[in-house]
Amino acid sequence: MSIKILLVDVGGVLLTNGWDTPLRNLVAAHYLLDPTEMQKRHEEVFDDFECGRCSFDEYLQHVVFFKLRSFTLAEFKEFVFALSKEYPKTIVRIKALKDHHQAKLVLLSNEGREIAEYRFNKFKFHDYVDFSIVSGFVGFRKPDPRMYQLALDLCQEDPKNILYIDDRAHYFTVAKTFGLRTAHVDSTLWIFF
């Protein structure tokens, strides 16, 4: 199997998810927020946040800070960011695949701009990642076909030489229409399709 490009998701593969439902529920419990209200308000602006049409601060103003709180926006963000953790075994395996195949490593991620910037810097992705395609920078997110088309346009590689790795197998339906090979991974198991 010739692999020239590893197209890899971030949340759920290399790192914990940056702002998913379980994380929001954890944060809501920590700050004694109403999780139902938080979810409702989240759904109103999440697409705008994850696609870069509003900042994390603007998003949080709508979801959390629409009324006076006993904690600051800065404290809240620091707490959220601190919850990001690596999946070291998966990172080692991705780096080994990259080295073995002498492949480029491209990240394809659905994350808001500020969360991505924080996580990419904290976990030093610039040390081993060739480039990234992040929803918060490009204005659309997986499974939008434009994400995969953009990846192919930027990679300039035959899709059969690209291995797309994600923890959300339902994204593979769209990816496969572009001819990408796929591997479903969680933090412990890899399944190739």
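Results, tabulated for the structure shown:
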item	result
Phi to ³J(HN,Hα) by Karplus 6.51 cos²θ - 1.76 cosθ + 1.60 over the stretch 118-131, Hz, x for Gly, Pro	4, 5, 5, 6, 4, 9, 6, 4, 4, 6, 9, 9, 6, 6
Mean projected area (nm²) of the alpha-carbon convex hull when the chain is viewed from all directions	10.6 nm²
Computed [θ] at 222 nm, helices only, for the chain once each DSSP H run of length n ≥ 4 contributes -39500 (n - 2.57)	-13500 deg cm²/dmol
Cα-centre dipole for the stretch 21-83 with unit charges at Cβ (Lys and Arg positive, Asp and Glu negative), debye to 20	180 debye
Restricting the stretch 63-103 to trypsin sites (Lys or Arg not before Pro) in coil, as DSSP defines it, with at most 13 other Cβ within 10 Å	K67, K85
Cα centre as origin, Lys/Arg/Asp/Glu Cβ charges: the chain dipole, Debye	480 debye
Gaussian network model of the chain, Cα within-10 Å springs - most flexible of R141, R181, R41	R41
Ascending count of other beta-carbon atoms within 10 Å, so fewest first, for L154, L60	L154, L60
Most fluctuating residue given options D57, D99, D167, as computed from a GNM of the chain linking Cα atoms under 10 Å	D99
Extension reserve of the D127-Q39 stretch, reckoned as 0.36 nm per residue once the Cα distance is removed	28.1 nm
Straight-distance crosslink candidates among lysines, where the alpha carbon sits under 19 Å from K77 and sequence neighbours closer than 8 are dropped	K67, K85, K122
On Cα atoms only, tilt of 35-50 relative to the major axis of the chain in degrees	50 degrees
As computed over the stretch 21-83, the Cα convex hull volume per residue (Å³)	82 Å³
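Rule-based calculations on the coordinates, nothing more; no lab input. Please read all numbers here as calculations on a predicted model, not as lab measurements. Cβ sites come from the backbone with ideal geometry, for glycine too, and all protein chains shown count toward neighbours.
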